[in-house]
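Working notes for the structure below.
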Amino acid sequence: MKVVIIGNGIAGISVASNLRKLEPDSNKLTVEIYAREPYEYYARIRLPEIFDSRLNASDIQIYRPQWYAEKKIAVYKNQEVAKIEREKQEIVLRNETRVHYDKLVLCMGSDSYKPSIPNLDLHGVFSVREFGDAEAIRNYITFGTKHAVILGGGLLGLEIARHLVDEVQTVTVVELFPHLLPKQMDETGANILQKYMEQFGCKFILGTEVTGLLGDRKVTGSQLKNGVVLPAETVLIAMGVRPRIKLAKEAGLSVSRGVIVNEYLCTDDQYIFAAGDCVEFQGVVWGIIPAALDHAPVVAHNILWPNSVQYRQTIPQNTLKVAGIDLLSAGKVILNPGEEAESYRIIAELDEKMLRYEKYVLKDQTLLGSIIVGSRENQKFVLEMMGKKVSEAEITSRLWTT
């Protein structure tokens, strides 16, 4: 069997690795990956580090060439796929080379979301999705950038801010929601993170949006909804992502916001699967690393043994350092409008001086979600117990005393 994977991000590489784990014999299974970029698989989450360093793509690679050789996984870099011809079971590369597949996996990832505001095409306006973007930003800010404005206070926007703050005079993050990390944090946790970042010189404007960019050929400023203009020689857009679905749509596969898959992560073509940011399952598009890691083994099993493993919806979780502070956000941490707070038990403790905060959300003695800011303690406990029975006494005993 020959499996072709489009994309060498975390989804594509994880699918390939799982396939080889299940079938080590390369005579029985051939695995080929076709990638748009000219680089090996690297940690996209580390791209903001490029701004204040001399790192290159090889410095943030996850695996060295020997790993691919040992796994017998062939990666064809700088080979963009232009078309999928389903009736022939072939992909067509940009250079018109045709490649046959027995099974195809779509791992095209996503593109940065671009807001509909004037002058996004000015020089000095960037998004950060690939290594080439980060390298271009690093080069650009050395030529007269005093003020940088970041659109978006999510994970990427905050990482960008932290690594830019020592390179330019001012870094201002503009976020539409009234607090940072609106998808991962409640207001209390977000405020702790904001205070931490303000210590490094980052500035924040919350609850508003940029309505336009100013400048002739190069960007010179960002105009807020209230008319205030922020000076900016560099503007970075970090407002989320949109799945890359063009290839799938042109091939006649079912798409909506993402490539639509069933519980086996198969599209409406029995020979084509999907994983990672481009996937839409039961109306949900995750666009997060945990989802890609959940997808990979399911796809691998179902390629080798059709309809053998079902995908269960991913529980969102982020365990990382955001701008240098330890942070965990897992499961249900914010109640939706209309939900009865009385049916949930929330246990929380806050230490503003130590910039530390923990929150646990329970229902029927089951841990549904947690936020931990400023500490690694209890992170392992949360990840192990998510969705399981846990007593209030056990959680309370784990809280520190202020």
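Table for the structure above
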read-out	value
Ordering of 307-319, 53-65, 266-278 by packing [mean C-beta count within 10 Å, highest first]	266-278, 307-319, 53-65
Relative contact order (%) - the range 1-131, alpha-carbon pairs under 8 angstrom, separation at least six	32 percent
HN-Hα J in Hz across the range 10-26 - Karplus 6.51, -1.76, 1.60, θ = phi - 60°, x for Gly and Pro	5, 5, x, 5, 5, 4, 4, 5, 5, 4, 5, 5, 7, 9, x, 7, 6
Extended-chain gain in nm, criterion 0.36 nm per residue less alpha-carbon gap, VAL228 and ASP269	9.6 nm
Relative contact order %, the chain, counting alpha carbon pairs below 8 Å whose residues are six or more apart	15 percent
The chain shape via C-alpha gyration tensor axes, a/c threshold 1.5	oblate
Karplus (6.51, -1.76, 1.60) ³J(HN,Hα), θ = phi - 60°, over the range 369-374, in Hz, Gly and Pro reported as x	x, 7, 10, 10, 10, x
Placed amide H near ILE5: partners under 5 Å, 5+ positions off or other chain	GLU32, ILE33, TYR34, VAL105
Spin-label pair ASP59/ALA43, simplified geometry with 7 Å Cα→Cβ offset, distance in nm	1.3 nm
Mean projected area in nm² (Cα convex hull; one quarter of hull surface) for the range 84-241	12.2 nm²
Karplus-derived HN-Hα couplings along the range 269-284 (A = 6.51, B = -1.76, C = 1.60, θ = phi - 60°), whole Hz, x at Gly and Pro	10, 4, 9, 10, 10, 8, 8, x, 4, 7, 7, 10, 10, 6, x, 10
Computed helical MRE - 222 nm, the chain, DSSP H runs ≥ 4 contributing -39500 (n - 2.57), nearest 500	-6500 deg cm²/dmol
Contact order relative to length of the range 184-300, as percent, for alpha carbon pairs under 8 angstrom and 6 or more apart	13 percent
Sequence-distant residues sharing a close amide H with GLY240 (under 5 Å, placed H)	TYR113
The range 5-91: projected area of the alpha-carbon convex hull, averaged over directions, in nm²	6.6 nm²
Label-zone membership for the range 249-268, site GLU87, 7 angstrom Cα→C-beta point, backbone N under 15 Å	251-253
Overall form of the range 305-377 per C-alpha gyration tensor (a/c, 1.5; a/b vs b/c)	oblate
Protection proxy ranking of 138-144, 296-302, 80-86, 324-330 - average other beta-carbon atoms within 10 Å, highest first	296-302, 324-330, 80-86, 138-144
Separation of alpha-carbon centers, the range 53-77 and the range 297-322, rounded to whole Å	23 Å
Net dipole in debye of the range 114-237 [+1 Lys, Arg Cβ; -1 Asp, Glu Cβ; about Cα centre; nearest 20]	160 debye
Length added when fully stretched, ILE334-LEU383, from 0.36 nm per residue minus Cα-Cα	15.9 nm
Segments 357-368, 386-397 sorted - mean Cβ within 10 Å per residue, highest first	357-368, 386-397
Using a Förster distance of 22 Å, the FRET efficiency for GLU349-PHE200 (Cβ separation, nearest 0.05)	0.30
For the range 111-128 versus the range 356-402, the gap between their alpha-carbon centres in whole angstrom	40 Å
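Taken together, the values in this text are just the output of simple stated rules run on the coordinates, not laboratory data. These numbers come from a predicted model, not from an experiment. Cβ coordinates were reconstructed from backbone atoms using ideal geometry, including for glycine residues, and neighbour counts include every protein chain displayed.
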